[in-house]
């Protein structure tokens with residue numbers, strides 16, 4: 001709780017209610033076919049072909065055989081990483097796909113030719129010349145791939161690359177949001193403690209540090225209501241500290257005090273703006289159905305609208321009386337938030 005002098009405040013420390021979007025699933029399906037290239041140029045499904053899948057970024061291997069239709073499937077391989085898929089058969093020369101990624105909807109189709117029945121190991125493939133294997137050094141496909149199939153495969157690869165890049169950005173953004181949210185809350189709590197101990201200089205320093213941390217998180221994702229609400233709380237607390245310090249000071253002349261008041265008013269305005277945006281974001285979000293998530297959602301909703309109501313009250317009474325209509329609207333927000341919390 002921020003120390004009370006002329007008027008009180010509400011300190012809201014929130015959990016991250018919405019934000020963090022997880023990356024794609026941790027496992028993916030691998031599905032494909034093995035075909036035998038016949039002398040007349042036709043390809044027929046090859047039953048009982050040995051399928052050896054080797055993960056090449058870390059150690060891992062998986063094994064199965066094709067069905068009567070030449071099909072094979074692995075229901076859940078680790079989504080990340082690259083794989084080499086080897087097809088062999090006692091009547092065929094082996095063939096393989098390199099640098100293959102699972103869970104992208106790309107079929108791992110391999111064509112073999114009559115041969116000596118060799119079943120290569122991953123070490124054999126490491127020592128094989130670059131020309132070995134119809135699809136060596138490629139992400140997917142085989143020597144019998146049509147132009148149409150190749151175009152479809154390349155389009156899938158392009159889309160999957162976009163998904164991977166998007167997931168990477170989401171992961172990086174989540175890291176920044178979590179880190180700055182935690183650091184901002186620590187600074188906000190430290191500022192509150194300093195204020196209780198009548199150390200205004202340290203309190204304002206900590207509140208400024210909290211605002212800086214929240215702004216860094218908002219730079220990664222500007223639609224984070226928890227960050228916006230806590231930023232509003234820090235701005236409001238800093239404004240109160242500065243306002244009260246100017247009133248208590250016996251050393252400031254009128255010009256210096258007026259400058260402090262104007263700086264405090266700017267913080268009140270910024271706090272009202274941040275908390276209003278937090279409320280609008282929360283109102284636009286569909287409430288979750290999971291009971292635990294719903295409880296957290298309602299708690300954050302209440303914190304946002306309560307902070308908004310308080311910041312608007314301070315804005316009207318201490319900085320901008322013309323905002324009275326917006327203050328009344330915030331009263332409606334507060335009633336909405338309180339009703340939601342009571343459910």
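Annotations for the structure displayed:
- Here 154, 175, 186, 209 are screened, and the one residue that is at pLDDT 95 or above, under 29 Å from the mean Cα position of the chain (by Cα) and surrounded by fewer than 16 Cβ atoms within 10 Å (Cβ to Cβ) is 186.
- Of the residues screened, residue 256 is one that is part of a helix (DSSP H, G or I) and either free of Cβ contacts under 8 Å to residues at least 60 places away in the same chain or crowded, with 21+ Cβ neighbours inside 10 Å (or both).
- Enumeration of residues in segment 38-69 that are without any contact (Cβ under 8 Å) to a residue 60 or more places away in the chain and part of a strand (DSSP E or B): 44, 45, 51, 53, 55, 62, 63, 64, 65
- As for segment 262-271, it holds no residue that is outside any helix (DSSP H, G or I) and closer than 22 Å to residue 222 by Cβ.
The values are calculated or read from the model by the stated rules, or taken from the named source; none is laboratory data. Note that the structure is predicted; figures quoted are calculated from it, not measured. Ideal geometry is used to build each Cβ from the backbone, glycine not excepted, and the neighbour counts take in all protein chains shown.
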